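The values are calculated or read from the model by the stated rules, or taken from the named source; none is laboratory data. Keep in mind that this is a model prediction, so the values were computed, not measured. Here the Cβ is made from the backbone with ideal geometry for all residues, glycine too, and neighbour counts use every protein chain on show.
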Amino acid sequence: MRPYVIVNVASSIDGKISNEQRIQLRISCEEDLKRVDELRASVDAIMVGIGTILVDNPKLNIKSEELRKKRIGDGLKPNPIKVIVDSKCRIPEDSEVLKGEAIVAVAKIANKERIERISKKAEVVVFGEEKVDLKLLMEYLYGRGIRKLLVEGGGTLISSLISEALVDDIFIYFAPIFIGGSNSPTICDGRSFEKPVEMELVSIKKLGKGILIHLKPKVPLSP
Ligand SMILES: NC(=O)c1ccc[n+]([C@@H]2O[C@H](COP(=O)([O-])OP(=O)(O)OC[C@H]3O[C@@H](n4cnc5c(N)ncnc54)[C@H](OP(=O)(O)O)[C@@H]3O)[C@@H](O)[C@H]2O)c1
C-alpha cells in the first residue's frame with residue numbers, strides 16, 4: 001500500500017519551472033498560491049527532491065493561519081510532515097524544512113557521518129542502493145500513517161514518480177509567461193520515457209492570469 005500521491009507544480013507556458021540559473025522565480029499568481037495553500041492543508045506530508053531544497057530552501061509550510069488552526073481543530077499537526085528525497089544525504093543542516101517534522105530518505109551510498117548528523121534534526125530512512133527506491137519509500141510512508149502526499153517538485157523527482165506509476169493526480173498551473181532556456185528545469189526532467197506516458201485530462205480552468213490543468217494517469221493505479 002502507498003499514500004494517495006498528488007503532484008503540484010507551477011510552470012511557464014513553455015514548460016519550464018525555473019530558469020537556467022535555477023533561481024526561484026515567481027511563476028504562480030495570488031489565486032494559485034491560495035489554492036496550493038489549501039492543497040497543503042489537506043495532506044499528511046509534502047515531498048520534494050534534494051535539487052529543490054538546495055536551490056530554493058523552501059519552508060513548505062501552510063501560510064494561512066486560519067488553515068493551520070483548522071488542522072489543529074481537526075486533531076492534526078499545524079503543518080504536514082516534510083519528506084526529502086536525497087540519496088547522498090546532501091541536505092544542509094540549516095535547511096528550512098528541517099525546522100519542522102521531516103523525513104529524509106537516503107540511499108545506501110549516503111555518507112554515514114552525514115546520516116548521523118542529519119538524524120539529530122530529522123528521521124533518516126534508507127531505501128535503495130544509489131538512488132532512493134521510491135516504491136519502498138511510499139510503502140514506508142503509508143506504514144507511518146501518511147495517507148495523502150503532495151509532491152511539489154522538482155522535475156527530476158516528478159519524472160521518476162511518473163515512470164514508476166506512483167502518481168494519482170497532477171495539477172499544473174501554467175502562467176502566461178515564457179522562461180526559455182534549453183537547460184531550464186521542466187515539469188518532467190530526467191531521462192525520456194521509452195514511450196510517452198498517456199494521461200487523462202480531467203479539467204482545465206482559468207485561474208488568475210493563467211490556467212490550471214488537472215491530469216490523471218490513463219490507467220487507474222492501484223494503491
Ligand atoms: N515551479 C515549481 O513549481 C517548482 C517546484 C519545485 C522545484 N522547482 C525548481 O526545480 C528545480 C529543481 O529540480 P531538480 O529536477 O533539479 O531537482 P528535484 O527533482 O527537486 O530533485 C532531484 C534529485 O533528487 C534525488 N533523488 C534521489 N532519488 C531519486 C529518485 N528515485 N528519482 C529522482 N530523484 C531522486 C537526486 O539527487 P541525489 O542523487 O543527489 O539524491 C535528484 O537529482 C529548481 O530550479 C527549483 O526551483 C520549481
Inset, instruction - Being of a type outside the set (Ser, Thr, Tyr), buried (at least 17 other Cβ atoms within 10 Å of the Cβ) and outside any helix (DSSP H, G or I) narrows it down to one of Val43, Val97, so name that one. - result: Val43
Legend entry - So Ser87, is it under 21 Å from Leu54 (Cα atoms), near the ligand (Cβ under 9 Å from one of its atoms), small (Gly, Ala, Ser) and within 18 Å of the chain's Cα centre (by Cα): yes
Legend entry - So Ser28, is it of a type in the set (S, T, N, Q), within 19 Å of Lys148 (Cα to Cα) and over 13 Å from the mean Cα position of the chain (by Cα): no
Legend entry - Subset of region 1-40 (residues that are among the β-branched types (Val, Ile, Thr) and buried (at least 16 other Cβ atoms within 10 Å of the Cβ)): Val5, Ile6, Val7, Val9, Ile17, Ile27, Val36
Inset, instruction - Determine which single condition Leu150 fails, assuming it passes every other condition in (1) outside any loop (DSSP other than H, G, I, E, B); (2) of a type outside the set (Asp, Glu); (3) on the phi > 0 side of the Ramachandran plot. - result: (3)
Inset, instruction - Output yes when any residue across region 11-18 is of a type in the set (S, T, N, Q) and under 18 Å from Ile103 (Cβ atoms), and no when none is. - result: no
Legend entry - Of all residues making up region 7-27, the number that are at pLDDT below 95 and within 8 Å of the ligand (Cβ to nearest atom): 4
Legend entry - Condition broken by Ser160, with the remaining ones in (1) exposed (fewer than 14 other Cβ atoms within 10 Å of the Cβ); (2) touching a residue at least 12 places away in the same chain (Cβ under 8 Å); (3) of a type in the set (Gly, Ala, Ser) satisfied: (1)
Legend entry - Single unsatisfied condition, Val43 versus (1) closer than 22 Å to Leu134 by Cβ; (2) within 15 Å of the ligand (Cβ to nearest atom): (2)
Inset, instruction - Can you work out which of the residues in region 6-25 that are part of a strand (DSSP E or B) and of a type in the set (Gly, Ala, Ser) is farthest from the chain's Cα centre (by Cα)? - result: Ser12
Inset, instruction - Please indicate, with yes or no, whether at least one residue in region 157-166 is under 28 Å from Ile81 (Cα atoms) and either assigned to a strand (DSSP E or B) or away from the ligand (no atom under 15 Å from the Cβ) (or both). - result: no
Inset, instruction - Provide a single number: the residues in region 141-156 that are within 15 Å of the ligand (Cβ to nearest atom) and either over 26 Å from Leu25 (Cβ atoms) or among the small types (Gly, Ala, Ser) (or both). - result: 4
Inset, instruction - Scan region 136-158 and give yes if some residue there is under 25 Å from Leu76 (Cα atoms) and modelled with pLDDT under 95, otherwise no. - result: yes
